[in-house]
Amino acid sequence: MLARYSVRELVHRPLRTILALLGVAVATAMLVDMLMLAGGIQRSFAELLSARGYELRISPKGTLPFDTEATIPNFASLMDTLAATNGVAGVGPVLASAVILAHGDGAAPSDLSVRAIALGIDPTEQGLFRLIDGEDPVENEVLLDQPTAEAFGVALGDMVEMRVAGGLDVAGRSAQMRVSGIGEFLYAARGDVPIAVPLEELQLLTGKLDRVSFAMIRVAEDAEAEAVRTELAGAARVEVVTLAGIVAQANERLSYFRQLALILGSVSLIVTSLLVGTIMAVSVSERLGTIAALRAIGISRRSIVGSLTAESLILCALAGAAGLGLGVIVAEYLETILSDFPGLPLAVEFFVLRPESLATAYVLLLAVGSVAGLVPAWRATQLEVATLLHAEEP
Amino acid sequence: MTDTVGSVNLEADSDRTIVTASDVVREYRMSGVPVRALRGVSLSVAEREFIAVMGPSGSGKSTLLHLLGGVDVATSGRVVFLGQDFGRMSVEARARLRLRKVGLVFQRFHLLPMLTALENVELPIAALGVRRAERRDRAASLLARVGLDDRLGHRPGELSGGQRQRVAIARALANEPAVLLADEPTGELDRATSHGVLELFQRLNSEGTTIVVATHDPELAAGASRHVEVVDGRIGS
Ligand SMILES: Nc1ncnc2c1ncn2[C@@H]1O[C@H](COP(=O)(O)OP(=O)(O)OP(=O)(O)O)[C@@H](O)[C@H]1O
Ligand SMILES: [Mg+2]
């Protein structure tokens with residue numbers, strides 16, 4: 001009976017109701033996004049790094065994780081050390097080098113040349129890309145990602161040219177390569193043009209013989225990544241990090257994001273409660289006469305508070321549902337902005353859509369909404385009925 | 001003792017006291033200053049009475065009605081309603097007693113604008129937990145009793161002042177109260193409509209409803225069977 005009354009009250013004040021709905025929906029969307037951001041970014045990062053089963057990574061001493069310029073010399077002898085180390089199940093060496101990727105001789109308008117990052121790899125031991133179509137590259141072959149293949153208009157079996165970009169002595173050296181396959185590069189950032197070629201071929205072309213930029217190491221199932229790391233760090237002059245360590249380090253940096261997200265999320269909850277509280281305080285004070293009459297007739301405080309709270313709950317339930325949808329859409333948009341962040345792998349997601357985030361946001365919103373409705377309603381029923389009636393009579 | 005059983009019962013019935021106020025004082029505090037609205041009033045309302053409470057503005061008529069109905073409690077003195085002392089009851093216990101036994105009618109009707117006439121009358125019945133079908137029937141027959149059987153689905157905004165007051169009276173009668181307390185029920189109505197309300201009260205009273213009405217309206221007062229004059233917080237003679 002009184003619930004029906006609550007709905008009609010809302011419908012009767014369409015402008016106020018719509019404005020309140022919009023306000024709460026926007027605040028909810030922000031809350032959803034902040035919850036998605038707080039939990040999402042670290043999870044996607046951890047997933048990304050453990051995606052291919054390589055738990056250790058070695059790089060030249062004293063360089064940053066994704067630095068492409070520095071290299072490890074004498075890799076063959078390092079390989080011997082690695083092979084002799086307990087718990088090493090496989091080694092995936094990588095030489096990264098800036099190159100120019102070109103198609104055709106420049107005569108036709110469709111001809112194109114772009115800066116690319118060539119990754120020299122051992123196709124049998126690599127964790128950098130996932131093969132989508134065709135085969136891994138062997139001698140004189142190259143693997144591209146889908147966007148690059150499309151931009152160049154090349155298919156499997158077509159030829160492209162790879163030219164060395166840096167280094168005075170080797171600049172301009174080039175090789176004709178056949179496209180062997182299409183792959184998805186896990187760590188590529190937006191705008192990167194990653195290509196994969198056989199390691200020896202890239203070493204020859206760039207003059208970096210027996211050098212690698214870094215190597216990924218698979219740890220045997222019965223071995224501890226941390227133990228292997230310690231042993232390797234002692235045996236070779238290289239930087240060895242576990243992926244768990246990288247994730248922990250990244251998490252530490254991302255904790256600023258998380259804190260920011262939590263603060264902004266709380267702010268949006270506070271804004272919601274103030275908004276709903278204001279709306280309810282106004283409509284309660286408008287209806288003090290009616291409330292007094294209902295109390296005088298003998299309707300219990302509980303029913304009156306219940307019906308007024310129902311009003312704010314209905315408001316929050318509707319606006320919240322809309323806000324969840326809006327939040328997901330806005331998150332997608334923000335994701336495209338943030339993924340342009342230079343140097344971050346494209347596969348890192350900032351906003352991960354998890355049912356828990358949505359459920360948490362909705363429950364928090366309903367809790368806040370009911371309290372915000374309850375307080376003014378409860379206060380109104382605490383007033384003396386006779387005093388209210390006296391104030392209402394002419 | 002020599003009377004027939006029937007007439008003994010009838011006499012006992014008509015003598016039954018609904019509510020008694022004994023030497024009640026009601027003091028309000030207006031911004032710290034005490035204001036005595038009632039200064040020692042005693043009044044007894046017997047079943048089937050139709051009492052008009054009259055007196056100048058500010059004399060304490062509304063306050064007396066509120067005390068008789070347990071809407072408010074006396075600062076001193078006692079109000080006993082069907083054997084229960086309002087002064088010893090909790091706020092919610094008084095509310096429950098009002099819901100079952102007191103019918104209230106206000107000058108400004110105080111109907112819920114978003115509910116239809118039928119739903120407004122249903123409201124106090126629903127508060128007792130009566131099922132929908134039954135309370136609909138009861139509300140509809142109450143509205144028929146006040147002459148509004150053709151207005152069940154109308155909202156208060158679609159009704160005239162007189163019709164609204166009839167809906168309010170039907171609502172007040174919804175749970176078959178022991179007494180109907182009406183504070184200036186014709187205060188917002190024109191003469192013709194006021195006359196209709198008086199006729200309705202007289203009919204209800206003749207059908208057995210006990211009525212106490214506070215009013216400035218001489219015609220309404222003239223229709224009552226007993227008159228009480230309140231002057232400056234006391235009952236005058
Ligand atoms: N709830 C209240 N708080 C403070 N003062 C009140 C309250 N109710 C009544 N009074 C005061 O008590 C006095 C009596 O008021 P009451 O409303 O009972 O008079 P009344 O006879 O009904 O007047 P009217 O004919 O104008 O309705 C007035 O001075 C009024 O201002
Ligand atoms: Mg009055």
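Remarks
- With R₀ fixed at 51 Å, the C-beta to C-beta distance from A:Glu69 to A:Ser303 puts the FRET efficiency at about 0.10.
- With Cα atoms defining each centre, segment A:143-212 and segment B:43-73 are spaced 99 Å apart in the structure.
- Computed P(r) (all Cα pairs; segment A:61-237; 10 Å bins; percent): 10, 37, 33, 16, 5, 1
- Residue-count net charge about A:Thr336 - beta-carbon cut-off 15 Å; Lys, Arg +1, Asp, Glu -1: -4
- Net charge contributed by nearby residues that have their C-beta within less than 12 Å of B:Arg164 (K/R +1, D/E -1): +3
- Reachable aspartates and glutamates, given that their alpha-carbon falls under 12 Å from the alpha-carbon of A:Lys61 and they are not under 8 places away in the same chain: A:Glu239
- Computed over chain B, the range of Cα coordinates on each principal axis works out to 59, 46, 37 Å, biggest value leading.
- Net charge of neighbours whose Cβ lies under 10 Å from the Cβ of A:Arg178, counting Lys and Arg as +1 and Asp and Glu as -1: -3
- FRET efficiency, B:Arg96 to A:Glu393 (Cβ-Cβ, R0 30 Å, nearest 0.05): 0.75
- Rg and Dmax of segment A:129-220, based on Cα coordinates, read 13.7, 42 Å.
- In summary, the aspartates and glutamates within cross-link reach of A:Lys208, defined as a Cα separation below 14 angstrom excluding same-chain residues under 8 places away, comprise A:Glu69, A:Asp169, A:Glu200.
- Per-residue shielding of A:5-11, expressed as the average number of other chain Cβ atoms within 10 Å of the residue Cβ, stands at 3.
- Förster radius 51 Å - calculated FRET efficiency between B:Glu27 and B:Ala222 (Cβ-Cβ, nearest 0.05): 0.95
- Here the label points at B:Asp190 and A:Ile270, each 7 Å from Cα along the C-beta direction, are separated by 5.8 nm in the simple model.
- Relative protection proxy for B:94-100, A:212-218, from highest mean packing down: A:212-218, B:94-100 (other beta-carbon atoms within 10 angstrom).
- Rough spin-label spacing in nm, given labels placed 7 Å along Cα→Cβ, for A:Ser285 and B:Arg16: 4.6 nm
- For the residues of B:180-186, the average number of beta carbons from a partner chain within 10 Å of their own beta carbon is 1.
- Peptides A:266-276, B:113-123, A:23-33, B:21-31 ranked from most to least packed give A:23-33, B:113-123, A:266-276, B:21-31, packing being the mean of other C-beta atoms within 10 angstrom over each peptide's residues.
- Relative to the longest principal axis of the Cα atoms of chain A, helix A:355-382 runs at roughly 20 degrees.
- Of A:Ser113, B:Ser59, the sequence from fewest to most neighbouring Cβ atoms within 10 angstrom is A:Ser113, B:Ser59.
- A:Ile337 paired with A:Ser174, simple spin-label distance in nm, labels 7 Å along Cα-to-beta-carbon: 4.1 nm
- Mean residue ellipticity (222 nm) of chain A, computed from DSSP H runs ≥ 4 via -39,500 (n - 2.57), nearest 500: -18500 deg cm²/dmol
- The mean count of C-beta atoms from other chains within 10 Å of the C-beta of residues in B:62-73, rounded to a whole number, is 3.
- Solvent-free Debye scattering, log10 I(q)/I(0), computed from the Cα coordinates of chain A at q = 0.08, 0.12, 0.13 Å⁻¹: -0.61, -0.93, -1.03
- Taking the Cα centre of segment B:5-235 as origin and assigning +1 to Lys and Arg Cβ atoms and -1 to Asp and Glu Cβ atoms, the resulting dipole is close to 680 debye.
- Taken about its Cα centre, segment A:174-295 carries a charge dipole of about 700 debye when Lys and Arg each add +1 at the Cβ and Asp and Glu each add -1 at the Cβ.
- Point-charge dipole on Cβ atoms (K/R +1, D/E -1) for segment B:27-114, about Cα centre, debye to 20: 80 debye
- Taking the Kirkwood radius as Rh and the Cα radius of gyration as Rg, segment B:154-237 has a ratio of Rg/Rh equal to 0.98.
- With neighbour counts taken as other beta-carbon atoms within 10 Å, the residues A:Val142, A:Val330, A:Val305, B:Val146 rank, fewest first, as A:Val330, A:Val305, B:Val146, A:Val142.
Any read-out appearing in this document is the output of simple, stated calculations on the displayed coordinates, not a laboratory observation. Owing to the predicted nature of the structure, the values given are computational and were not obtained by experimental measurement. Methodologically, a virtual Cβ is constructed for each residue, glycine included, from the backbone with ideal geometry; neighbour enumeration extends over all protein chains shown.
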